[in-house]
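One structure is given below, encoded as structure tokens.
The values are calculated or read from the model by the stated rules, or taken from the named source; none is laboratory data. Computed from a predicted structure; not experimentally measured. All Cβ positions, even for glycine, are placed from backbone atoms using ideal geometry, and neighbour counts span all protein chains on display.
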Amino acid sequence: MNMTSSERIVYVDGQYCPESQGKVSIFDRGYLFADAIYEVTCIIGGKLVDFDGHMVRLVRSLKELNMQMPMSTDELLAIHRKLVADNNVDEGLIYMQISRGNADRDFNFPSKETRPVVVMFTQARPVLESPLAKRGLKVISLPDIRWGRRDIKTVQLLYPSMAKNAANDAGADDAWLVQDGLVTEASSANAYIVTADDKIVTRSLSSDILHGITRAAVLRFAAEAGYVLEERSFTIAEALEAKEAFITSATSFVTSVIDIDGNVIGDGKIGPVSRRLREIYLEKAVAPASDTARIERKSRPRAATSAWFLHCPPPGPRECSQGQGRRGISTPVGPAAFQGHFSRKRWIFPDSVFGRPSVKMIERGYL
């Protein structure tokens, strides 16, 4: 294996290789149609943060796109661990992408026998001591013109990329996207405000936003710490009057927003609520969770549960109704209304790696 000392080891379609040798077919449907999904897992201290939560969302994304699971989650975990170890990553992230596979260009899906293509690579970079986390983000508002199934974590990221570049051109760090006058989320993170009466407000789960794994954890930890939560939509005007604003994501954790469209939020400094939530997340999620990430599992998962899940069919919104569904996994029902189709589904689901919040997350609709 010929490689330079600075090259990473990557995983491409069943093989580990130097990054310069990592190649996918020109017929890969992820390349031709963005017919692929992805997950990004944070690495702290050489260990994975909330891998189980990312796998739950991965399974759901694949199911919603009628794609095959290429291998077991234990096999995916083993590849993650090997890449982290082989590349000696102490802090950063690991990116995983699964496409529908290789097939001649055709808008129709290929046959069920088509094998999915899995690609993974690491990125070493500081996440705990991020400069943006220390000074706070400046954001601009832009119209949200993404496709309607933002709850599926697909690789269709051209508009989020355009939004980030527009923000950079405007001297900002990111963009908050607005649909029908209401904030959906940031270009690659969930968005929040803290109202004058100290309520934490974030948009409720639906197909309009990504169901963030960090969002789920932060909302749970915030509730446990006694904060009042409101899952509802808000406007940019309301955000400008807020005491604080912040975002959450797998690699930004909790990061304050100090400026929106050139308007200072609060006193223009990192607020006490967002600062405390970041501290709590790092204490409860990152430190304990990552302790288990490199340890080989020696027993089966401890817990299982069932709950009401929400399935949003591709054709579009329809009236909600309850019915009996087959075993599977889909979007859990959140505390707020959702335009979709309710079906009762059961999923055997292990406790999450950080503090075992999975059962509560499902029951409360946070995941």
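Assorted remarks:
- The residue that is surrounded by the fewest Cβ atoms within 10 Å (Cβ to Cβ), counting only those in the range 122-150 that are within 17 Å of the chain's Cα centre (by Cα) and more than 16 Å from Q179 (Cβ to Cβ), is Q123.
- Qualifying residue in the range 170-192 (condition: under 30 Å from L77 (Cβ atoms), crowded, with 20+ Cβ neighbours inside 10 Å and modelled with pLDDT under 95): no
- Taking the listed residues F51, F107, F33, F27, the one that is farther than 30 Å from K284 by Cβ and touching a helix residue (DSSP H, G or I) at 6+ places or on another chain (Cβ under 9 Å) is F107, with no other qualifying.
- Pairs where the first residue, in the range 246-271, is in a strand (DSSP E or B) and the second is basic (K, R), C-beta under 6 Å, 6+ apart: T248/R215; F253/R278; V254/R278; D259/K138
- Of all residues making up the range 61-120, the number that are assigned to a loop (DSSP other than H, G, I, E, B), loosely packed, with under 14 Cβ neighbours inside 10 Å and not basic (K, R): 10
- Matching residues in the range 243-262 - criterion: being over 19 Å from the mean Cα position of the chain (by Cα) and surrounded by fewer than 22 Cβ atoms within 10 Å (Cβ to Cβ): K243, D259, D261, G262
- Qualifying residue in the range 141-164 (condition: in a helix (DSSP H, G or I), among the hydrophobic types (A, V, I, L, M, F, W, C) and farther than 24 Å from E39 by Cα): no
- Pick from the range 187-215, criterion part of a loop (DSSP other than H, G, I, E, B) and free of Cβ contacts under 8 Å to residues at least 40 places away in the same chain, ranking: nearest to P272 (Cα to Cα): D197
- Answer residue from the range 280-301, given it is over 22 Å from V84 (Cβ atoms) and exposed (fewer than 13 other Cβ atoms within 10 Å of the Cβ) and is modelled with the highest pLDDT among those: E283
- Total residues in the range 6-22 satisfying the condition of being part of a helix (DSSP H, G or I) and among the β-branched types (V, I, T): the figure is 0.
- In the range 216-245, residue nearest to P126 (Cα to Cα) [restricted to those that are of a type in the set (A, V, I, L, M), out of contact with any strand residue (DSSP E or B) (no Cβ under 8 Å at 6 or more places or on another chain) and touching a residue at least 40 places away in the same chain (Cβ under 8 Å)]: A217
- The numbered conditions (1) in contact with a Cys (Cβ under 8 Å, 6 or more places away or on another chain); (2) part of a strand (DSSP E or B) are all true for T184 except (1).
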